[in-house]
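Novice: Sharing a structure with you now.
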Ligand SMILES: Cc1cc2nc3c(=O)[nH]c(=O)nc-3n(C[C@H](O)[C@H](O)[C@H](O)COP(=O)(O)OP(=O)(O)OC[C@H]3O[C@@H](n4cnc5c(N)ncnc54)[C@H](O)[C@@H]3O)c2cc1C
Ligand SMILES: NC(=O)c1ccc[n+]([C@@H]2O[C@H](COP(=O)([O-])OP(=O)(O)OC[C@H]3O[C@@H](n4cnc5c(N)ncnc54)[C@H](OP(=O)(O)O)[C@@H]3O)[C@@H](O)[C@H]2O)c1
């Protein structure tokens, strides 16, 4: 029997634009029993017939000719607290030539959309021993899973010391900067380092500069983060740009970290966004 076509099952309740191509979307699922683990993702979908943001690139002909009822679906990390499943938050970057994001960025509060009923993903804290330290490394919107972890477990984080490194090209792309700065000022075991990789084009930025790897390789790491970067006592999470993940992964494997994989226990957990 053919499967019933997917229908919208959620409402966009709020949208906050950080820059014209970076926004936070808050979505209420129709179901009132949505449950997820901090760090997981779900799919978000819109029908092909939804209009694209007028200033986005046009669609390739092959896509433009697709069935207007087709549900375009992509995975997005859930940023909200597990204690507030009634409003799922997503931190999303606009890809001007993409299929879904130009349609998402055209939505206003009140619009209907599709949210996958089943959250997925293993970038979670469940396999971190409580006596370990945790380093959370993100580029771009790869910060999302960590926002959920901090919102869900700020005061009962299941680890000893927690380091967060957030990389972005420009300071305007550092979403959640104030919120994470606030957690770091409140929690003595949380060490937050936002870093800007194109400071020459961002003269107002007074903070850390360089790509995230520079800080991971820094000889001053233990001083800055309050723990040494050693596989015996640390689990590392990497999320976002696949180039960053590949390069950082290599660096950490050289230092004795083990990449977690199906059937392989590891202290290095990764999620590539593309
Ligand atoms: C597990 C998982 C979780 C994800 N969570 C998020 C999230 O929380 N926030 C978020 O913004 N994105 C996230 N993504 C990426 C997201 O699923 C889409 O790929 C992205 O939004 C582009 O969708 P699109 O339909 O507009 O572009 P598409 O039509 O799919 O095409 C875009 C092209 O660009 C590549 N691409 C995808 N994302 C990027 C990017 N950020 N920068 C450069 N190139 C890219 C794709 O490989 C593809 O070739 C996640 C991906 C995965 C696998
Ligand atoms: N940010 C913008 O204003 C902008 C504007 C238009 C289009 N876009 C496009 O939108 C997409 C997403 O952009 P984004 O800025 O959110 O994410 P991104 O391109 O993944 O960049 C986020 C951060 O990751 C860094 N990075 C890239 N490759 C890396 C690697 N191999 N190792 C370590 N760090 C690495 C970037 O450094 P670098 O700065 O050194 O690259 C930046 O600090 C990209 O395709 C981008 O080209 C971005």
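Novice: Can you tell me which residue among 118, 84, 108 is surrounded by fewer than 19 Cβ atoms within 10 Å (Cβ to Cβ), in contact with a strand residue (DSSP E or B) (Cβ under 8 Å, 6 or more places away or on another chain) and within 30 Å of residue 237 (Cα to Cα)?
Specialist: 118
Novice: Kindly check whether there is at least one residue in segment 64-73 that is farther than 14 Å from residue 8 by Cα and touching a helix residue (DSSP H, G or I) at 6+ places or on another chain (Cβ under 9 Å).
Specialist: The answer is no; no qualifying residue exists.
Novice: Would you point out the residue of segment 76-97, among those that are over 21 Å from residue 33 (Cβ atoms) and touching a residue at least 24 places away in the same chain (Cβ under 8 Å), that is nearest to the chain's Cα centre (by Cα)? Write out each step before concluding.
Specialist: Taking segment 76-97 as the starting set, the residues that turn out to be over 21 Å from residue 33 (Cβ atoms) are 91-97.
Of the ones still in play, those that are also touching a residue at least 24 places away in the same chain (Cβ under 8 Å) are 91-94, 96-97.
Details: 91: 7, 92: 8, 93: 10, 94: 14, 96: 19, 97: 21 Å.
Here the residue is 91.
Novice: I'm trying to understand the selection: among the residues of segment 261-274, which are surrounded by fewer than 18 Cβ atoms within 10 Å (Cβ to Cβ) and under 18 Å from residue 233 (Cβ atoms)?
Specialist: 265, 266
Novice: In addition: Which number in (1) without any contact (Cβ under 8 Å) to a residue 60 or more places away in the chain; (2) outside the structural domain of residue 239 (by TED's automatic domain parsing); (3) away from ligand 1 (no atom under 13 Å from the Cβ) marks the one condition that residue 100 misses?
Specialist: (3)
Novice: Can you go through 67, 131 and tell me which one is away from ligand 2 (no atom under 16 Å from the Cβ), in a loop (DSSP other than H, G, I, E, B) and in the same structural domain as residue 184 (by TED's automatic domain parsing)? Spell out how you get there, then give the answer.
Specialist: Numbers: 67 fails: in the same structural domain as residue 184 (by TED's automatic domain parsing).
Exactly one residue qualifies, and that residue is 131.
Novice: Check 188, 231, 158 and return the single one that is free of Cβ contacts under 8 Å to residues at least 12 places away in the same chain, outside the structural domain of residue 80 (by TED's automatic domain parsing) and assigned to a loop (DSSP other than H, G, I, E, B).
Specialist: The unique qualifying residue is 188.
The values are calculated or read from the model by the stated rules, or taken from the named source; none is laboratory data. Since this is a predicted model, take the numbers as computed values, not measurements. Neighbour counts run over all protein chains shown; Cβ positions are idealised from the backbone, glycine included.
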